[in-house]
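Enquirer: Take this structure, written in structure tokens, and hold onto it; I'll ask about it next.
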Amino acid sequence: MANFTNMELTKLNVIEALRNVISFHDSDNIIDLGMVGNIEIQENSISFDLVLSKNNEKAREILINAATKTLREIFGNNLDVQITPVLEASKGAPSLNEVKHIIAIASGKGGVGKSTVAANLAIALSRAGKKVGLVDADIYGPSVPTMFDLVETKPEVFEQGGKPIIIPIEKYGVKVLSIGFFVTPEQPLIWRGPMATGALNQLLGDGLWGKLDYLIVDLPPGTGDIQLTLAQVYKISGAVIVTTPQKVALADVKRAASMFKTKELEIPLLGVIENMAYFTPEDMPEKKYYIFGTGYGEQFAKELSIPLIGKIPMVEAVAASGDKGSPIALDEKSPVTQAFDKIAEAVIKKF
């Protein structure tokens, strides 16, 4: 390493320091390889983007650790270093450059109706006059093809600049891509983390999304590799947490919410959606039966210091409509549709 004794913390000196960080896969330093961008320097902190050609988790961590160690050795051990991994494919994807807001739909556990919420929220936003896309990133249990009656449909793929470009399928006013389009319903997806995150990057980075107001991303339940990749690599405008009104769900909700609040991610939480909040008979829409109790959505939102942006009632038609490939939000008379319209309005007001 060159002698940087008493080196002043400037952008030029940071660049020279980072020439000591070698990407062994590419046999050169990360500056000359063009892997460093958007350098920002404040009083005792440095932040920059680390541009990667592939989402190799091990290689990414090695480079981040090496760069952090190098900078602190030169500018002081107390230096705050923030490095954001950015996929080269996502930077060059014209579709994502034209997407105004990426909204993540998350949950602490499965079975809370997260995918149903994502699909119907996308339709509600479209009904509100917005240009909307939907990515089914629930890699291990893709359900969007079924909910949109697209199980037998395959998107068109063409090559541009040596890379494949996927044309999303448009239905009900929403552009849709799902890993379910590329596997058979009977095919089990037994994937390790890098394979799953690679699939997500293809859906987002290789999709020809065009101009969108909102790109809704239906995440897998929990706090795994897919969530971290989405949050670290792509510019997420906000996340919505879906839960059911049960006391035992609080720990799962907190876990999901805390991931987005970590210093490494810091993604705004737009609010909580309480799904299956109460039961409403189809022939008596004015009736509300709180099967699981009341007040849990408000309690969760208060403990997380974020708003409760919607309560979705239980009606028989929700499951039936999803199974038929015609989401309930298409039925203007349904109380569920009215609830989603209010949620869409709340999301739009956030921006």
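Enquirer: What is the one condition in (1) modelled with pLDDT of 70 or more; (2) loosely packed, with under 12 Cβ neighbours inside 10 Å that Arg192 does not satisfy?
Expert: Every listed condition holds for Arg192 apart from (1).
Enquirer: Give me a count of the residues in the stretch 105-129 that are assigned to a loop (DSSP other than H, G, I, E, B) and either modelled with pLDDT under 90 or within 11 Å of Pro220 (Cβ to Cβ) (or both). Outline the logic, then answer.
Expert: We begin by selecting, within the stretch 105-129, every residue assigned to a loop (DSSP other than H, G, I, E, B); these are 107-113, 128-129.
Cutting the leftovers down to either modelled with pLDDT under 90 or within 11 Å of Pro220 (Cβ to Cβ) (or both) gives us 107-113.
Final tally of qualifying residues: 7.
Enquirer: Test Lys58 against the stated conditions and say whether it is under 23 Å from Gln227 (Cβ atoms), in a loop (DSSP other than H, G, I, E, B) and not assigned by TED's automatic domain parsing to the domain that holds Tyr234.
Expert: Values: under 23 Å from Gln227 (Cβ atoms): yes; in a loop (DSSP other than H, G, I, E, B): no; not assigned by TED's automatic domain parsing to the domain that holds Tyr234: yes.
Spelling it out, it is not the case that Lys58 is under 23 Å from Gln227 (Cβ atoms), in a loop (DSSP other than H, G, I, E, B) and not assigned by TED's automatic domain parsing to the domain that holds Tyr234.
Enquirer: May I pose another question? Since Ile41 meets every condition but one in (1) out of contact with any strand residue (DSSP E or B) (no Cβ under 7 Å at 6 or more places or on another chain); (2) without any contact (Cβ under 8 Å) to a residue 24 or more places away in the chain, which condition does it not meet?
Expert: So Ile41 meets the others, but not (2).
Enquirer: Continuing with this model, one more query. So Gly92 passes all but one of these: (1) at pLDDT 90 or above; (2) more than 27 Å from Val242 (Cβ to Cβ); (3) of a type outside the set (Asp, Glu). Which condition number does it fail?
Expert: Of (1) at pLDDT 90 or above; (2) more than 27 Å from Val242 (Cβ to Cβ); (3) of a type outside the set (Asp, Glu), only one is false for Gly92: (1).
Enquirer: Since Glu266 meets every condition but one in (1) outside any loop (DSSP other than H, G, I, E, B); (2) within 26 Å of the chain's Cα centre (by Cα), which condition does it not meet?
Expert: Looking at each condition in turn, Glu266 falls short on (1).
Enquirer: While we're looking at this one, here's another question. Out of all the residues in the stretch 246-254, is one or more exposed (fewer than 13 other Cβ atoms within 10 Å of the Cβ), modelled with pLDDT under 85 and closer than 26 Å to Leu228 by Cα? Full working, then the answer.
Expert: First, pick out the residues of the stretch 246-254 that are exposed (fewer than 13 other Cβ atoms within 10 Å of the Cβ): 247-248, 251.
After this cut, where a residue has to be modelled with pLDDT under 85 as well, the list is 247-248, 251.
When the remaining residues are screened for being closer than 26 Å to Leu228 by Cα, the result is 248, 251.
Scanning the stretch 246-254 turns up at least one residue that is exposed (fewer than 13 other Cβ atoms within 10 Å of the Cβ), modelled with pLDDT under 85 and closer than 26 Å to Leu228 by Cα.
Enquirer: Quick one: would you say Gly271 is assigned by TED's automatic domain parsing to the domain that holds Ile103, surrounded by 13 or more Cβ atoms within 10 Å (Cβ to Cβ), touching a Leu at 6+ places or on another chain (Cβ under 8 Å) and part of a strand (DSSP E or B)? Full working, then the answer.
Expert: Numbers: assigned by TED's automatic domain parsing to the domain that holds Ile103: yes; surrounded by 13 or more Cβ atoms within 10 Å (Cβ to Cβ): yes; touching a Leu at 6+ places or on another chain (Cβ under 8 Å): yes; part of a strand (DSSP E or B): yes.
Yes, satisfied.
Enquirer: Which of the following residues is touching a residue at least 60 places away in the same chain (Cβ under 8 Å), under 21 Å from Ala239 (Cα atoms) and not basic (Lys, Arg): Ile102, Ile74?
Expert: On the way: Ile74 fails: under 21 Å from Ala239 (Cα atoms).
Step by step, each of Ile102, Ile74 is checked, and only Ile102 is touching a residue at least 60 places away in the same chain (Cβ under 8 Å), under 21 Å from Ala239 (Cα atoms) and not basic (Lys, Arg).
Enquirer: Let me ask something else. Which of the residues that make up the stretch 42-56 are aliphatic (A, V, I, L, M) and at pLDDT 85 or above?
Expert: As a first pass, look at the stretch 42-56 and keep what is aliphatic (A, V, I, L, M): 46, 50-52.
Passing the criteria: Ile46, Leu50.
Enquirer: Name every residue in the stretch 274-297 that is crowded, with 21+ Cβ neighbours inside 10 Å and of a type in the set (D, E, K, R), in order of residue number.
Expert: Glu274
Enquirer: Is it true that Thr153 is of a type in the set (S, T, N, Q), under 28 Å from Ile306 (Cβ atoms) and modelled with pLDDT of 80 or more?
Expert: Working: of a type in the set (S, T, N, Q): yes; under 28 Å from Ile306 (Cβ atoms): no; modelled with pLDDT of 80 or more: yes.
So Thr153 fails the test.
Enquirer: When you look at Ile74, is it within 28 Å of Ala122 (Cβ to Cβ) and either more than 25 Å from the chain's Cα centre (by Cα) or at pLDDT 85 or above (or both), yes or no? I'd like the intermediate steps shown before the answer.
Expert: Details: within 28 Å of Ala122 (Cβ to Cβ): no; either more than 25 Å from the chain's Cα centre (by Cα) or at pLDDT 85 or above (or both): yes.
In short, no.
The values are calculated or read from the model by the stated rules, or taken from the named source; none is laboratory data. All figures in this text were calculated on a predicted structure; none of them were measured in a lab. For neighbour counting, all protein chains shown are included, and Cβ atoms are generated from backbone atoms with ideal geometry for every residue, glycine included.
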